[in-house]
1. Is it fair to say P170 is surrounded by fewer than 18 Cβ atoms within 10 Å (Cβ to Cβ) and either touching a Ser or Thr at 6+ places or on another chain (Cβ under 9 Å) or more than 21 Å from A38 (Cβ to Cβ) (or both)?
2. Wholly within region 254-308, which strands (runs of 3 or more DSSP E) include no fewer than the required count, namely at least 2 residues that are more than 15 Å from the chain's Cα centre (by Cα) and within 21 Å of D211 (Cα to Cα)?
3. Considering region 90-148 alone, what residues qualify as being among the basic types (K, R), under 16 Å from I61 (Cβ atoms) and without any contact (Cβ under 8 Å) to a residue 40 or more places away in the chain?
4. Look at region 245-272 and say how many of its residues are within 16 Å of ligand 2 (Cβ to nearest atom), touching a strand residue (DSSP E or B) at 6+ places or on another chain (Cβ under 9 Å) and either open to solvent by 10 Å² or more (accessible area, probe 1.4 Å) or among the β-branched types (V, I, T) (or both).
5. Please find, among E134, E181, E139, the residue that is surrounded by fewer than 13 Cβ atoms within 10 Å (Cβ to Cβ) and either in contact with a Lys or Arg (Cβ under 6 Å, 6 or more places away or on another chain) or outside any strand (DSSP E or B) (or both).
6. Mind telling me which of the residues L104, L16 ends up being more than 16 Å from ligand 1 (Cβ to nearest atom), surrounded by fewer than 18 Cβ atoms within 10 Å (Cβ to Cβ), part of a loop (DSSP other than H, G, I, E, B) and aliphatic (A, V, I, L, M)?
7. Sort out which residues of region 192-226 are open to solvent by 40 Å² or more (accessible area, probe 1.4 Å), outside any loop (DSSP other than H, G, I, E, B) and at pLDDT below 95, and write them in order of number.
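The values are calculated or read from the model by the stated rules, or taken from the named source; none is laboratory data. Not measured: the values here are computed from a predicted model. Note that each Cβ is placed from the backbone with ideal geometry, even for glycine, and that neighbours are counted across all protein chains shown. Just the protein is used for accessible areas: all its heavy atoms, side chains included, with ligands, DNA and RNA removed. Shrake-Rupley method; radii C 1.70, N 1.55, O 1.52, S 1.80 Å.
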Amino acid sequence: MEIFFLGTGAGMPAKLRNVTSIALKLLEERGAVWLFDAGEATQHQILHTSIKPRRIEKIFITHLHGDHIYGLPGLLSSRSFQGGESEVMVYGPKGIKEYIHVSLSLSQTYLKYPLTVIEIDEGVIFEDEQFTVEARLLEHGIPSYGYRIVEKDRPGTLLADKLKEAGVQPGPIFRKIKNGESVTLEDGRVIEPGEFVGPDLKGRVVAILGDSRYCENALMLARGVDLLIHEATFSKGEEKLAHDYFHSTTYQAADIAKRAGSKKLCLTHISSRYDRNDWRELAEEAQEVFPNTEIAEDFKEITIPPIK
Ligand SMILES: [Zn+2]
Ligand SMILES: [Zn+2]
């Protein structure tokens, strides 16, 4: 499970920061990539990475501001020419359906794969045997969602050596025990899975938030997460400006991470008013409140290791 930043700037593209798009790489977990937002030229950014557009399974849109969606129609269209045949599901606020439909139909774009667009409300918007995704509204002038991605706990590893010592040979019995079934051997002994399977592997939790002022729902989404990705459009001291433009400062993002008990914070959606020489200072402002903070850059990757 890795986070890969395709674009980390606010409002409009800058030389060193393209507009927002974040990939959650779940290649080991499900052979898939999930995208969060697709600002203009997201597909160009992808060309510089190992991400295969055909692997993109889901796209979550936080809100309909241009710097988060202008790259979507092009990306969807190109995927058809890049071997994309599997279904793509797009989740986003009300209006996302019309935006995609108008863009694709007026340009007479025909996709070679099924596309499903889901206009979401708050709550659990996706769940399968591996993951749950929950959405909550933030504060941003137009509806802007934050997403909390929860990996479900998985059964622990099979203690194969211990089983062999007990005289059980590898085969279908191993699978049954791994799946939590108790097994009666030919000699009448009963093998209980509890003794031969390690503890459950804890699932990881990531929160990826759209543009927002400091708000309580951000806190809810960030509670106890392994990684919080929060916008920090402005530097500490610009709280008035942040409030007026429905954004957050470095300090506010760090305060959310601290209050929520997040384990790690990454700041993104950085205004182009700050150049490369300012980035370290932005990170340090947050680190004063929440030490385990990084600042995103285009093409930066953060691994979220399995929880021991
Ligand atoms: Zn934005
Ligand atoms: Zn916005």
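1. Values: surrounded by fewer than 18 Cβ atoms within 10 Å (Cβ to Cβ): yes; either touching a Ser or Thr at 6+ places or on another chain (Cβ under 9 Å) or more than 21 Å from A38 (Cβ to Cβ) (or both): yes.
It is true that P170 is surrounded by fewer than 18 Cβ atoms within 10 Å (Cβ to Cβ) and either touching a Ser or Thr at 6+ places or on another chain (Cβ under 9 Å) or more than 21 Å from A38 (Cβ to Cβ) (or both).
2. 293-295
3. Going through region 90-148, the residues among the basic types (K, R) turn out to be 94, 97, 112, 136, 148.
Among the residues that remain, those that are also under 16 Å from I61 (Cβ atoms) are: 94, 97, 136, 148.
Answer for region 90-148, where residues must be among the basic types (K, R), under 16 Å from I61 (Cβ atoms) and without any contact (Cβ under 8 Å) to a residue 40 or more places away in the chain: just K97.
4. 8
5. Numbers: E134 fails: surrounded by fewer than 13 Cβ atoms within 10 Å (Cβ to Cβ); E139 fails: surrounded by fewer than 13 Cβ atoms within 10 Å (Cβ to Cβ).
Only one candidate qualifies: E181.
6. Details: L104 fails: part of a loop (DSSP other than H, G, I, E, B).
Exactly one residue qualifies, and that residue is L16.
7. Hits for region 192-226 are G194, E195, L201.
Conditions tested, residue by residue: (1) within 16 Å of ligand 1 (Cβ to nearest atom); (2) assigned to a strand (DSSP E or B); (3) out of contact with any helix residue (DSSP H, G or I) (no Cβ under 8 Å at 6 or more places or on another chain).
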site	(1), (2), (3)
K94	no, no, yes
Q108	no, no, yes
I118	no, yes, yes
D121	no, no, yes
P170	no, no, no
